[in-house]
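S.K.: One structure coming up, written as structure tokens, with questions to follow.
The values are calculated or read from the model by the stated rules, or taken from the named source; none is laboratory data. Everything numeric in this text was worked out from a predicted model, so none of it was measured. Here Cβ is always computed from backbone atoms with ideal geometry, including for glycine, and neighbour counts include all displayed protein chains. Only protein heavy atoms, including side chains, enter the accessible area calculation; ligands, DNA and RNA are left aside. Shrake-Rupley method; radii C 1.70, N 1.55, O 1.52, S 1.80 Å.
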Amino acid sequence: LMQISIPLNFIGFLYREIRQGLADIESMFDLLLVPAEIKDKPDAAPLKAVEGAIRFKDVRFHYDADRPILKGIDFEVPAGKSIAIVGPSGAGKSTISRLLFRFYDVSGGAVEIDGQDVRDVTQESVRLAIGMVPQDTVLFNDTIAYNIRYGRPDATDEEVREAARMAQIQDFIENLPQGYQSEVGERGLKLSGGEKQRVAIARTILKAPPILILDEATSALDTHTEREIQSALDQVSKNRTTLVIAHRLSTVVNADQIIVLEAGQIAERGTHLELLDKNGLYASMWARQREADEAEERLRAAREND
Ligand code: ATP
């Protein structure tokens, strides 16, 4: 009896998860990304009164037991403030955002939202409280309007247009022959990386979550696109607790707090100016980024003069 009841239960579980997953691509990603051991406690209640304060308390984490990734991370972000996490590739920046989302449970310490341990509340309420603008946005094979409205299915046309305006994608859309009814995705219009990201920003503006995670694009965008995206991001992060995973440094200058992560530990923290003053790791990363940006500008200018 045991032997047959376990697989049947499992199939039932899969069926329910997949059925929900198809109705909601975010939970489909959850299904793919969340290891099976992440489960709600039997008595888990939703997050209460979400203001959006974040706290990491001596967080330790490893994917594989013999290789610690985060080695005691402590920081606090008051509701509505912003934090940027910078540091060399592989330092553990994206891992921090995954723990906030509770894609994984910490190996030690705790992650709290408004003083509530994310392990004690429902995963659904945590995911609802957090909006994520990823590096690579996946669009549905549907209209632009559908893709934006996905952030809040009951939004009116007017609200969709307002979100597009705030995300700096409205002019682009209105210049398309079919406007908001243009089909995008595999079979429709192919959008550039920057355009897709702005659709994701508009979607997040509609969702209006108290907490925002921005995973900045690794690849260099041209200066104009970067400026447009930056101003769209400034709009969406206004009055929201914002965690920026910064792969480049250009977006972190205005963060309320910057954390420099090195090999799973916080090497430095402060504002942009405080960190430049310290003349440490951040200052040298900044100098290197400046040199790279200037070299790129010179190349571009030379090309334009040809
Ligand atoms: P980057 O700037 O290159 O994106 P990062 O600072 O965001 O890097 P993370 O993605 O947090 O780095 O990865 C930290 C370390 O954890 C890396 O060494 C990576 O190889 C490892 N890692 C990430 N995801 C997994 C996983 N699912 N299983 C095992 N190891 C992982």
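S.K.: Enter the accessible area per residue of the range 233-306 (Å², integer; probe 1.4 Å; all protein chains in place). Each step should come with its number before you reach the end.
M.R.: Values: 4310 Å² over 74 residues.
Ligands and nucleic acids excluded, the result is 58 Å² per residue.
S.K.: In addition: Run a plain Debye calculation on the chain (Cα atoms as equal point scatterers, no solvent) and give log10 I(q)/I(0) at q = 0.11 Å⁻¹, rounded to two decimals, same order as the q list.
M.R.: -0.76
S.K.: What full-extension length gain, to one decimal in nm, is calculated for ASP256 and LEU128 as 0.36 nm per residue of separation minus the Cα-Cα distance? List each step's numbers first, then the result.
M.R.: Values: separation 128, 0.36 × 128 = 46.08 nm, distance 2.41 nm.
Full extension from ASP256 to LEU128 adds 43.7 nm.
S.K.: Local charge sum around VAL133 (other residues, Cβ-Cβ under 11 Å, Lys/Arg +1, Asp/Glu -1)? Show your work: numbers first, answer last.
M.R.: On the way: positive: LYS196, ARG198, ARG203, LYS207; negative: ASP136, ASP215, GLU216.
Once all neighbours under 11 Å are counted, the net charge is +1.
S.K.: A further question on this structure: Hey, which aspartates and glutamates would be in cross-link range of LYS48, C-alpha to C-alpha under 16 Å, not counting anything within fewer than 8 residues on its own chain?
M.R.: Hits, sequence-local ones excluded: ASP40, GLU112, ASP114, ASP117, ASP120, GLU124.
S.K.: Now a separate question. Send over the per residue convex hull volume for the range 84-139, Cα only, as a whole number of Å³. Provide the component values of the computation, followed by the final result.
M.R.: On the way: hull volume 6.6 nm³, N = 56.
Each residue corresponds to 118 Å³ of Cα convex hull volume.
S.K.: Let me ask something else about it. Where the Cα atoms of the range 161-236 are projected onto their three principal axes, how long is each span, largest first, in whole Å?
M.R.: On the principal axes, the range 161-236 reaches 33, 27, 21 Å in Cα extent.
S.K.: Quick check on my link table: of LYS71/LYS238; LYS196/LYS238; LYS93/LYS207; LYS39/LYS71, which ones sit more than 29 Å apart, alpha carbon to alpha carbon? Don't skip to the end; give the middle numbers.
M.R.: Numbers: LYS71/LYS238 31 Å; LYS196/LYS238 21 Å; LYS93/LYS207 24 Å; LYS39/LYS71 24 Å.
Distance filter (> 29 Å) returns LYS71/LYS238.
S.K.: Right, here's the next one. For the chain, which whole percent of the accessible surface, found with a 1.4 angstrom probe, sits on carbon and sulfur atoms? Mind showing how you got there, number by number?
M.R.: On the way: 8630 of 16710 Å².
Whole-percent figure for carbon plus sulfur exposure: 52.
S.K.: For LYS190, give me every one of the aspartates and glutamates with a C-alpha distance below 20 angstrom, ignoring sequence neighbours fewer than eight places off in its own chain.
M.R.: ASP136, ASP142, ASP171, GLU174, ASP222, GLU226, GLU228
S.K.: Could you tell me what percent of the DSSP beta bridges with both partners in the chain are antiparallel, to the nearest 5? Can you show the working numbers first?
M.R.: Details: 21 of 40 bridges.
In the chain, DSSP labels about 50 percent of beta bridges as antiparallel.
S.K.: Among GLY131, LEU176, VAL253, whose Cα lies farthest out toward the positive end of the dipole of the chain, if unit charges sit on the beta carbon of Lys, Arg (+1) and Asp, Glu (-1)?
M.R.: GLY131
S.K.: If you don't mind, there's one more thing I want to ask. At 1.002 mPa s and 20 °C, plugging the Kirkwood radius over alpha-carbon pairs of the range 154-295 into Stokes-Einstein gives what diffusion coefficient in µm²/s? Don't skip to the end; give the middle numbers.
M.R.: Working: Rh = 17.0 Å.
Roughly 126 µm²/s, to the nearest whole number.
S.K.: Tell me, what is the per residue accessible area of the range 36-114 in Å², probe radius 1.4 Å?
M.R.: On the way: 3840 Å² over 79 residues.
Result: 49 Å² of accessible area for each residue.
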